[in-house]
Structure formats: C-alpha cells, structure tokens
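Below is one structure, written out as structure tokens, with a few remarks after it.
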Amino acid sequence: MNNRYDEKSVSFDIYSLLVPVFSIIPVIGQECLKEKLILFPQIKSLDSLESPYYREKYVIFIEQPIDHLNPDKGTFTQRVILNHVDFHQPTVIVTEGYGGGYALQSGYYEELSRLLNTNVVFVEHRYFLESTPEPCDWQFLTAENAVNDLHTVTTLLKNIYVGKWISTGISKGGQNTLIYRSYFPDDVDISVSYVGPLNRAVEDERHLSFLRNTGSRSERKKIKNFQQEILKRKAEMVPLLSSFSKEKNLTFRIPLEEVLDYCVLEYPFALWQWGTSVSTIPSLQSSTEVLFNHLVEISGPDYFSEQQPYASFFVQAARELGYYPYDTKPLLKWLSITSADNYLTNLMLPEGVTDIDFSDSLYRKLYSFLKNNDPKMIFIYGENDPWSATRIPDFKNKKNLQTYIEPKGCHLARIGTMPEAIKKIITQLHEWLAE
C-alpha cells in the first residue's frame, strides 16, 4: 500500500516488560456495558465483538448531524468501536483520521490502553467506510464537523465512563487529536498525538526543506541517482508499469508516463516516511525489472489511481489540513510533466470536485491554541519522518505541552519505540491521571 498517510498498527517487545505492572484489573458483579448502551436513543445499532484484551467489545452506530451547525440538513450514522475494561478506569478516545475497519479485529489493542489499562472508544472518521453520509456531499466534510462528532460521542459516553479521558490518534488521527483539543479543550484531560503534522499550506514548502537535509549526503545522492535512473529508462519502465497496472486493475486520469513521474517524485517521501533503509536501493546497474520492482514496492502507482480509497482525505487536505509539494528541479530533464504544482487538486480529488480552495484558518486556530495555552498534551514524532517537518512549534515555558522525537525514527514512532523516553512518558501520564 502506497498510502503516505496510512495508520499502521505495530507491536513492540518492550510491552512484555510492562504487562505485570499494567495488567487488566478483574471486575466482579458489574452491570454489563450492553445493558447501559441500549438505553441511549442516539445509538441505532449494536453488535458484540470478540477480544482477548477487553471484558466486552461492541461495534455501535451513533446518529450524527451531517452539519452540526445546521442540524436540519439531515443525519448519518457513525461507526464507533467500544473496548471495555472497567467503568471507573480511564477511557481513551481514538480520534481516527480514516476508516475503522482494523479496530474491529479481535487482536486490536491500542497502545495507551495497553500501557494504562483503559477503556477505548474508537471513532471512525466521518466520510470514511461505514461512516459516510448518503448522499456524499463534500461541503460538510470539515474539521469542525469532525470534532463535533467526537464531542457528541464523548458527551454521550461520559454518562457511562466516569474516570479521566485521554484523546489519541495516529498520523491524520494525530492531527485530529490536536484539532479536537483546540475546539473542545475540556472534553478530555490528556491528549497524546502520534506523528500528526501541522501544515500551513496545501503544498507546505517545509517538507521540501526537510527532505533536502534528511539522512547523510551520500544517502540523499543515492536516492536522487535512483530517481534519475528510473526516468532515464522510461521507455522500458512504462511497459512494466502498464502490465503492473492491468494486473492490479488500476486506471488513471493521466498518461502512464506521467504516473511514472509521480511515483518517482513521491519516492523520497515514501522511503523516509516508513523507515526503509537507503541500503535497500538496488544498484544502478541492476535490470530494469529489479529497479521497477523496488520503485513500486516503495512508491506504487495505486496512490495515484482512480481506485485509491483516500478521496475523503484529499478533500480535507485541499480544504484545510494541508499537504506537501514535490521537488521537480533535479529531475526536470527527464520528467514528462513540466510542473507538479497543484497536483493534489488537479490529480487527487474525487471526480467532479473542482471548487475547493485552501484556507489556513484552521492552522492559525491550532497555532494560537498551542501558543496561548498549556494543555496536558504529548506529541510524538520520528526524526526522519517527513511529516515531522511540520510538527508543532517548540514553544518555550510550557510545562504540560511536551514533544518527544524518536532518534532516526519514522512514521511508526510510538511510545514503545522509544526505550530512552518510555519510562518518562508513562510516569508523566500516571501523574496526570492521579491529579
């Protein structure tokens, strides 16, 4: 999968050291969660799920306004997965940025829940998978509506869960954690945002500056030489791309020569984002097939296809979340395209959507919230992750607002990947929960 913004679940051996400390507390004689949930008229359906980690687990659908500012516009149902430990334990609300299918799996075990023995309220983002309104009117896919969805869920379930609340999310979900806290600062007590950017433009130039300085000079040269070699062999590469696309049933709005261009332009971002070692880049004397296979493994054409499932994200990125540009200058001699400017709006938006203009008002709201407040928030980033180029600023004189960066880490940076900081982070979380 070539999703540059995908939220991947990862397990870490370090957790085995924590299980004796944060083991699940047995609870006897409590009323079951289902008996409480069926009393809420906002919950339109409820089904049991299996889990070895939680006492009860359910998938529910909650009725939400399509537009919270104008409820008369109609409603849709939003998928929420509840993972229950104890009514008096802390509760984590996952501010998911995409679909929630993976949280249905029995093996789903959210990191903070594992570390702190919490309940988990997992909220699928509006306009993704089972939480998509019908008809799909893109004008109501806004950050403000999305966090109002979260506020509705939290307000409802605080009738059940009386302990402290923690919001958390990964990548776009990490962005959502910050947005939610800025709109509703008192909904939760603590927030933990993983690898969530704070972009200020639809093509935020800070990403380019980051990529020009990430890794060693020799590593960057090796990446650039690989990109150039792919383009120099374009006449051989395009037939391979055609066969690959037919096999995967991929179609495109642009010629295959241009698809190859975009795969090559995306390559450095993708390589660093997921922590792929530069040493895996094949020798430039390798066969065309070997070079092509490496390219599509790191930066495949599916991301630019008409079948990619991230249209809802691209709408948000173009409207207010922002994204990143491509550096065409070192490759112009071999590219089929003359410019990659506005590629997100020209290439990635849903068919027929052409009237979205970017506004930096959300960026300014989030920046102002962080600058003028000191919320109990932890931000986690990977040093080599290009999304960290637009991480939150390093505000001075903040006691509660804390940032941790995993050395040489990527988009998979988590509490469990930072053995040098994990004890400090967990101690801080326990201190906040004890207040």
**OP:** Check Val264 against each of (1) open to solvent by less than 10 Å² (accessible area, probe 1.4 Å); (2) free of Cβ contacts under 8 Å to residues at least 60 places away in the same chain; (3) under 27 Å from Asn384 (Cβ atoms) and name the one condition it does not meet.
**Re:** (2)
Subject >> Options Arg319, Arg364; residue that is within 30 Å of Asp137 (Cα to Cα), at pLDDT 95 or above and open to solvent by 50 Å² or more (accessible area, probe 1.4 Å) >> reply: Arg364
**OP:** Return the residue satisfying two criteria in turn: it lies in segment 57-83 and is surrounded by fewer than 17 Cβ atoms within 10 Å (Cβ to Cβ) and of a type in the set (Asp, Glu), and of such residues it is farthest from Gly107 (Cα to Cα).
**Re:** Asp72
Original post:
Take the residues of segment 186-223 that are part of a helix (DSSP H, G or I) and of a type in the set (Gly, Ala, Ser): which is nearest to Leu412 (Cα to Cα)?
Top reply: Ser209
Original post:
How many of the residues making up segment 269-307 are assigned to a loop (DSSP other than H, G, I, E, B), within 25 Å of the chain's Cα centre (by Cα) and free of Cβ contacts under 8 Å to residues at least 24 places away in the same chain?
Top reply: 2
Original post:
How about segment 326-363: which of its residues are touching a residue at least 12 places away in the same chain (Cβ under 8 Å), assigned to a helix (DSSP H, G or I) and of a type outside the set (A, V, I, L, M, F, W, C)?
Top reply: Pro330, Tyr343, Thr345, Ser361, Tyr363
Original post:
Within the set of pairs 6+ apart or on separate chains, which have a first residue in segment 210-224 that is more than 21 Å from Ser388 (Cα to Cα) and at pLDDT 95 or above, a second that is surrounded by 15 or more Cβ atoms within 10 Å (Cβ to Cβ) and among the aliphatic types (A, V, I, L, M), and C-beta atoms under 6 Å apart?
Top reply: Lys222/Val278; Lys222/Ile281
**OP:** Could you grab the pairs with beta carbons closer than 6 Å, sequence gap of 6+ or different chains, first residue in segment 153-168 and touching a residue at least 12 places away in the same chain (Cβ under 8 Å), second one acidic (Asp, Glu)?
**Re:** Thr154/Asp187; Lys164/Asp189; Trp165/Asp189
Original post:
What are the pairs, 6+ residues apart or on separate chains, where a residue within segment 371-398 that is among the polar types (S, T, N, Q) has its Cβ under 6 Å from a residue that is part of a helix (DSSP H, G or I)?
Top reply: Asn384/Trp272; Thr390/Arg206
Subject >> Residue that is within 30 Å of Ser361 (Cβ to Cβ) and open to solvent by 10 Å² or more (accessible area, probe 1.4 Å), where the choices are Arg212, Arg220 >> reply: Arg212
Subject >> Selected residue [at pLDDT below 95, more than 29 Å from Ala311 (Cβ to Cβ) and over 20 Å from the mean Cα position of the chain (by Cα)] from Lys396, Lys371, Lys376 >> reply: Lys396
Subject >> Search result, residues across segment 366-407 that are assigned to a strand (DSSP E or B) and of a type in the set (A, V, I, L, M, F, W, C) >> reply: Met377, Ile378, Phe379, Ile380, Leu401, Ile405
**OP:** Return a yes/no flag: does segment 336-349 have any residue that is under 22 Å from the mean Cα position of the chain (by Cα), within 24 Å of Glu124 (Cα to Cα) and open to solvent by 50 Å² or more (accessible area, probe 1.4 Å).
**Re:** no
Original post:
Considering segment 180-189 alone, what residues qualify as being surrounded by fewer than 24 Cβ atoms within 10 Å (Cβ to Cβ) and either in contact (Cβ under 8 Å) with a residue 12 or more places away in the chain or in contact with a Phe, Trp or Tyr (Cβ under 7 Å, 6 or more places away or on another chain) (or both)?
Top reply: Ser182, Tyr183, Phe184, Pro185, Asp187, Asp189
**OP:** Restricting attention to segment 236-256, report how many residues are out of contact with any Pro (no Cβ under 9 Å at 6 or more places or on another chain), more than 18 Å from Phe226 (Cβ to Cβ) and open to solvent by less than 50 Å² (accessible area, probe 1.4 Å).
**Re:** 2
Subject >> 3 or more residues closer than 13 Å to Leu157 by Cβ: qualifying strands (runs of 3 or more DSSP E) within segment 30-146 >> reply: 56-65, 75-84, 91-95, 119-123
**OP:** Go through (1) open to solvent by 20 Å² or more (accessible area, probe 1.4 Å); (2) modelled with pLDDT under 95; (3) under 18 Å from the mean Cα position of the chain (by Cα) one by one and return the number of the condition Ala389 breaks.
**Re:** (2)
**OP:** Test Val259 against the stated conditions and say whether it is in contact with a Pro (Cβ under 8 Å, 6 or more places away or on another chain), of a type in the set (A, V, I, L, M), open to solvent by 40 Å² or more (accessible area, probe 1.4 Å) and more than 30 Å from Asn400 (Cβ to Cβ).
**Re:** no
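The values are calculated or read from the model by the stated rules, or taken from the named source; none is laboratory data. A quick note: this is a predicted structure, and the numbers were derived from the prediction, not measured. Counting neighbours? That spans all protein chains shown, and the Cβs are built from the backbone with ideal geometry, glycine included. These area figures cover heavy atoms from the full protein model, side chains too; ligands, DNA and RNA do not enter into them. Shrake-Rupley method; radii C 1.70, N 1.55, O 1.52, S 1.80 Å.
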